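Structure first, then comments.
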Amino acid sequence: MTHGTFELDGREVPFSPGQTILQAALAASVYIPHLCYHPEFKPHGSCKVCTVKVNGRPMSSCTTPAQEGQQVESNTPEINEARRTLVQFLFVEGNHFCPSCEQSGRCTLQATGYALGMTNPQFNPLFPNRPVDASHPDILLDFNRCILCELCVRASGEVDGKSVFALSGRGITKHLIVNAESGKLGDTELSVGDKAVEVCPVGVILRKRKGFDEPIGRRRYDIAAIDEFAAAAPKGGTP
Amino acid sequence: MTAPAKSAKKLKVATASLAGCFGCHMSLLDIDERLFDLLELVELDRSPLTDLKHCGPCDLGLLEGGLCNAENVHVLREFRRQCKTLVAVGACAITGGLPAQRNSLDVRECLQTVYLTGPSTTHARIPNDPELPLPLDRVHPLHDVVRIDYFLPGCPPSADAFWELITALIAGRTPALGHDRLRYD
Amino acid sequence: MTLSTSALGGLLQRHQNDPSRLVQILREVQDANGVISPRDVTELAQALGLPRARVEGVAGFYSFLSTVPRGQYRVLFSDNITDQLQGSHALRDSLCHAFEVHLDELSRDGLVSIGATSCTGLGDQGPALLVNGRAIGRLDPGRIGVIAALIRGRTPLDRWPKELFAVTDTIHRADLLLASRLEPGEAIDAAIVRGAQGTIEEVKQSRLRGRGGAGFSTATKWEACRVTPGPERFVVCNADEGEPGTFKDRVLLRQFADLVVEGMTVCAWAVGAQKGFIYLRGEYLFLLDHLEAVLQRRREAGLLGHHLRDQETFDFDVEVHLGAGAYVCGEESALIESLEGKRGIPRNRPPYPVTHGYKQKPTVVNNVETLAAAALIARHGAAWFTAKGTATSAGTKIHSVSGDVARPGLYELPWGTTIAELLELAGAKNTQAVQVGGPSGVCLASDGFKRRFGFEDVPTAGAFMVFDSSRAMVEVAENFARFFAHESCGFCTPCRVGTTLMHRALQRIVAGHGTKRDLKELKYVAQLLKVASHCGLGTTAGNPVLDTLERFRPSYQRRIRSFDVLPSFDLDQALAPAREITGRDDPEAHFEEDAP
């Protein structure tokens, strides 16, 4: 049911009741870069990569309700520069060494960097010290690549009903934790088929013995750019 | 893509690998027959291909690898002094890359493990010859130490990406890496 | 180092095993034990029916809670710029030296740990510190020596000299609020006579706007809460006075606690709320007993409880919740999250707290000063209030004055007063700059001193920090950047990473190896935070940088070492570990000439 339309970069985009700007845009096959948004979860607006200007004001498109007649700017040099900087922030905040990452080629952060024309991290890297957790028989946790999108937190709580993941710390020391007194993933209820495992957009939650199973050249974002997936997606957008 | 028209004067180009694996250099060589076009346009100064040990005044410097020891920093600074345009080439030069994955370890423990306590050590001692460059406590990307003018990501950057970078810089335009050439791995 | 199961059980029972009281529960575990151990977290989670990781996440959010052992005496030096300019870093270093510990490190015998905390609200009597949560001001080498001796002697805190913990309230200029003498119940009675709607109408006529900084119309807030359907409503007094440099709420809560609670009760009557909370910042622990006593007295006087003033439908009581060291909880939706026992992350808005607040129920969150003013308006009427101030900013404002002035303390002045007038009153000499409204406010140079306090000109939540011409403003900016990096909740990317990048760039500049590129980066990041951040903390975190870059640029340029890029780290120091292990010290083992 269409509720009305708003204007996105000069194009009329229809929306249905309750949809946010990002949801309506993706449903209309228009790509707005985003990282912490996933169509199956309630948007929470933390990565800010989906920032757009609504009637001239910067807003997170994933959480801002679509309204009749809104003038939304998204694909402009100014906004894309801000988005690129935010992606660079995420790169320097963690330890992102794509060549050694099993998720390379199918990583949303990397693909978003490509889409925004990011050639380098620009800022001085922070090189945090984040040990990996290999205690689980089937799943490896590499915190170095965490972008704190909370998708695993949401998936494990809302879908899997296990609350395996949560966040602790704050500011630049904010970090992902697991639901065990030992602090070890192996002591949690996580299993390899969980939504929380599937939903990680980067290379943090990895299935063991599955790494590099797709040859370079045939991986998701080798085949097409992330914005092309959005344009081709029927409804709801890219996970 | 065709090579830019020959100019009267050849561009001076220097290349080096710091804490890298020479993979980026190999990828540069992968431009194959375009090497002939390239050599019409450029003259190599310091480079593994010329085996010159120091860099003279250059138009363009291409540096692969990150900074893991004192010598890497000296070479980087020589390049920065001598090259009008300096490009960080490849994942290691841009992020520290694979060598930077030692950054969570204490460099003292690394040296102890490698030279003293490792399973294959004999005559155990940590080398201390002044000729050997000392390792930095952490591996850094090039832009942590000097100004970098362009970045060519990839592990390695593809031959086509190299070709685009070099031909664009020779022609005086900003290199543009489309989706097919922009890669971090 | 784990609380016994029975002790934990008793503690939980006092809180009715209510998960929404988690922050209070964790505070008590921390107080009892000096640490919240992994076992405590597990047991709390089981008893409260919460995922363990969520309890751990809450414990990890607040800076006064700790999941790793701290000293039996945990000393936290207030790290506001006013403390710093009064020599707090040297005092801190001397205490570290006395116990041979580094900052944030536990002494080998577990006796002491020394760290830093954001402004403790004693700007008029700094430098200050907290020892196991208890505030000590007016630090000097002599008092540090006394403290060191008491710690070394393992003297229990309640046997430390009372004089050490003395906090004085200095009011230099009193007006509508600070000169008021209201008998408890007077304002409530007046409000009852006017009726709920009439009371809101009177507040509307008074043009009262929120004193916490945002300046939102108080009557509009109350009205929106009142008209939202639902069986339960809440009134929250925001006493999380975290903005560095402000301490007026501290004085109001001590000298005028009845007036503040009276204001809450008037609000409750007007909006139809049954329950109130005072969210008291953890730094003001020393006010807790006093507030509890005032609440108890009011209950006994029939001013809190059931059927207040014989009104069938008027039930209202107030509970004090303590914060645990998180500036962001001054943001009203983060405050509510904290009240609900969660990490203090600002919510997405809309919906606003007036419709979906505490436990998703309609909730009014007002500043301490706003509520005090509301009580007086209920008693004396709108005209009494609007007789002072300007057309857009009615009434008076209480300023917390600190820094380079002869007479630090509180000054209540009508809106419309100029900055220069307050500087004159406070005895400021050779003033270079004034930070109005705290780090999130505005930094003014002398050409701005003729400007006036007011929502139409220079709005303020009440902090007024003065810097004379001997101060380096780049150091002020560095202190504020450190504050925001420490207090960022970390929810959104721009604030979480940007505040740290800004702080690092400013550290480089202050240390004398900044570059022109650092200046460019600072400005760019500060502007990005303004447009892309999730809440007010992030959108204002760049203000001190942008203001000082604009008005005190020479202070930066004096410290800039190069126009080109310099190493972002100390190259020679980066070789130190390798020198140590190889035993080398030859020239090749150094970067001498160009160490930054």
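Remarks
- Spatially proximal lysines relative to B:LYS84 (Cα-Cα < 24 Å; intrachain offsets below 8 disregarded): B:LYS6, B:LYS9, B:LYS10, B:LYS12, B:LYS53, C:LYS516, C:LYS520
- Taking every C-alpha pair closer than 8 Å and separated by at least 6 residues, the mean separation divided by the residue count of chain B gives a relative contact order of 25 percent.
- Highest GNM mean-square fluctuation among A:GLY203, A:GLY157, A:GLY193, for chain A modelled with Cα contacts below 10 Å: A:GLY193.
- The dipole here belongs to the stretch C:505-559: it is taken about the Cα centre, uses +1 on the Cβ of Lys and Arg and -1 on the Cβ of Asp and Glu, and is about 240 debye.
- Taking every residue in A:88-95 and counting other chain Cβ atoms within 10 Å of its Cβ, the average works out to 5.
- Dividing the convex hull volume of the alpha carbon atoms of the protein assembly as shown by its residue count gives 194 Å³ per residue.
- The stretch C:116-263 - convex hull of alpha carbons, volume per residue in Å³: 170
- The mean count of C-beta atoms from other chains within 10 Å of the C-beta of residues in C:558-565, rounded to a whole number, is 1.
- In degrees, nearest ten, helix B:70-82 long axis to first principal axis of chain B (Cα): 20
- Net charge dipole size for the stretch A:164-226 [Lys, Arg +1 and Asp, Glu -1 on Cβ; Debye, nearest 20]: 200
- Burial ranking of peptide ranges B:84-91, A:79-86 (average Cβ count within 10 Å, highest at the top): B:84-91, A:79-86
- Ranked packing of C:206-213, C:424-431, most packed first, by mean Cβ within 10 Å: C:206-213, C:424-431
- Per-residue shielding of C:578-590, expressed as the average number of other chain Cβ atoms within 10 Å of the residue Cβ, stands at 6.
- Positive end of the dipole of the stretch C:19-129 (Cβ unit charges, origin at the Cα centre): among C:THR120, C:THR42, C:LEU65, the Cα lying farthest that way belongs to C:THR42.
- Whichever lysines have a C-alpha closer than 20 Å to that of A:LYS53, once near sequence neighbours (fewer than 8 apart) are set aside: C:LYS530
Every read-out reported here was derived from the displayed coordinates using simple, explicitly stated rules and does not represent laboratory data. Because the structure is predicted, anything quoted here is derived from the model rather than measured. Positions of Cβ are backbone-derived with ideal geometry, glycine not excepted, and every protein chain shown enters the neighbour counts.
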